[in-house]
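Structure record follows, encoded as C-alpha cells.
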Amino acid sequence: MSPLAYSVANVNLESSHPTGALSVNLLSGRDVRRWDDFVSCCREATFFHRAGWQTVIERAFGHKTWFLYAECEGEIQGVLPLAEINSRLFGHSLSSLPFCVYGGIAADSQTVRDALDRSAQKLAQELQVDYLEYRNLKPHHADWHGKDLYVTFRKEIASEIEQNMSAIPRKQRAMVRKGIKAGLESVVDQDIERFFSAYSASVHRLGTPVFSRKYFRLLKEVFAEDCELMIIVKDNRTISAVMSFYFRDEVLPYYGGGTGEAREVAGNDFMYWELMRRACEKGCKVFDFGRSKRGSGSFDFKKNWGFEPQPLHYEYQLHQAKEVPDHNPLNPRYQIFIKAWQKLPLGLANLVGPHIVRNLG
C-alpha cells in the first residue's frame with residue numbers, strides 16, 4: 001500500500017470527538033478555498049500555512065508535498081502542511097514547512113491536533129525519512145529533539161507614524177534619518193528583476209547560495225497582492241529591496257538585500273523603516289521581522305531596532321537519523337564552503353546556487 005493510501009486514509013475518531021467522525025485527508029484543488037478560509041480564521045495559523053505554499057514548493061523545487069487537513073461534518077478544523085525533501089547531500093526529511101520560518105499543526109482543538117499529528121508520524125514512518133520536523137511558534141512535544149538556534153522578532157506597530165519612529169532606539173533612529181537625508185525613496189515593483197539584483201548580490205557577499213528567479217516569480221504569482229516587492233532607489237539606482245508578505249494585520253519582510261552602495265547611504269535601515277511606515281498607513285498592527293540565528297549579524301541588527309527575540313520551537317522526531325540535522329552557516333564545517341562561495345563570480349553563483357539551496361529547506 002502506498003504512503004498516501006496508508007497515511008491519509010480517513011481516521012475515524014468518532015469515539016473521541018464530541019460532534020462525530022473526524023477524518024484526515026490530503027489537500028486537493030477543490031479544497032484550497034476551504035483550507036485558506038480556515039487558515040485566515042485560526043489563531044494558530046500563519047502566512048506559511050496558506051495553501052499556496054503547496055504550489056510554490058512543488059513548482060519551484062520539485063519536492064513532493066503532503067498537505068493534510070482534518071475535517072468533521074464537512075468543516076475543516078485543522079491543517080498541517082508538509083513537504084518531503086530527499087537529498088543525497090542533506091538527507092531525507094518530512095517538514096512543516098521547508099523554506100518557511102513557521103509551520104506545524106494549526107488546529108481548533110487538541111483532538112484535531114492529535115489526529116493530524118498521528119497521521120504525520122505514520123506518513124514519516126512509511127516514507128522512511130530521517131526525521132519529521134515541525135517549525136512551531138510554541139512547544140508541543142517535550143519528548144522530541146529540539147533546536148535552540150532560531151528566534152523570531154515581532155513587535156506591535158503603533159497607530160501613528162511618529163510613534164513608530166520614536167520607538168526606535170536612538171542609534172538606529174540616526175541610521176534611518178541618514179537614509180532619509182541621503183534622498184532615498186521607495187517604489188513598489190510587480191517584476192522581480194530589481195529585487196533579485198539587490199538580493200542576489202547581498203547573499204553572495206554572505207557566502208550563501210541564492211534562490212532561483214523562478215521561486216520569487218512564483219511567490220509573487222501565487223500570493224499576488226499579499227506579496228509585495230519594495231525597491232529603495234537613489235537617483236533611479238537600486239540601493240536595496242525587500243519582498244514582504246501580508247497576512248491579516250501583519251507585515252513580514254521575508255527576503256531582502258542591498259547593493260554595495262547600500263551601506264554608504266543606510267539603505268537597509270531606511271528600507272525597513274519605510275516598510276514599517278507604509279504598513280502603519282495601511283493599518284497593519286504587527287511588524288514581523290522574521291527569523292534569525294542566535295549569534296548572527298541579522299540577530300544583532302533586529303535587536304538594534306528595539307525588538308526582543310522570541311524563541312522558535314523547532315521539534316524533530318527522529319526516524320532513520322541518529323541526531324538532529326545541522327545545516328546552517330554557523331556550523332564550522334561549512335566555513336570553508338562559505339569562503340569559497342564568496343569568491344565565485346556572481347553570475348556563476350546565481351546559476352549554481354538554486355541547485356544547492358533547493359535541498360536545504
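The values are calculated or read from the model by the stated rules, or taken from the named source; none is laboratory data. Predicted model, so just to flag it, every value in this text is computed and none were measured. Virtual Cβ from ideal backbone geometry, glycine too; neighbours counted across all protein chains shown. Please note that ligands, DNA and RNA were not included when accessible areas were found on the heavy atoms of the full protein model with its side chains. Shrake-Rupley method; radii C 1.70, N 1.55, O 1.52, S 1.80 Å.
So the values come out like this:
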read-out	value
Relative packing of 21-33, 93-105, which averages over residues the other C-beta atoms within 10 Å, highest first	93-105, 21-33
Interchain or long-range residues, amide H under 5 Å from Tyr255's placed H	Met243
Gain in span if fully extended, Arg59 to Ser28, counting 0.36 nm per residue against the direct Cα distance	9.6 nm
Separation of the Leu351 and Ile180 label points, Cα + 7 Å toward Cβ, nm	4.5
Cα principal axis extents for region 112-226, largest first, Å	58, 34, 31
Solvent-accessible area, 1.4 Å probe, carbon plus sulfur percent, for the chain	48
1.4 Å probe accessible area per residue over the chain, in Å²	46
Computed helical MRE - 222 nm, the chain, DSSP H runs ≥ 4 contributing -39500 (n - 2.57), nearest 500	-11000 deg cm²/dmol
Sites Lys293 and Glu160 - FRET efficiency at Förster radius 22 Å, r taken between beta-carbons, to 0.05	0.10
With Cα atoms, 0 to 90° folded angle of helix 267-282 axis to the chain main axis	60
Bins of 10 Å, starting at 0 and running to the largest distance - Cα pair percent for region 149-278	12, 41, 38, 9, 0
Lysine pairs meeting the criterion (Cα under 16 Å, 8 or more apart or interchain), as found in region 152-290	4
For Cα extents along the principal axes in Å, calculated from these coordinates, the label among (1) 71, 45, 43; (2) 66, 46, 35; (3) 51, 51, 43	(2)
Extension reserve of the Ala21-Asp235 stretch, reckoned as 0.36 nm per residue once the Cα distance is removed	70.8 nm
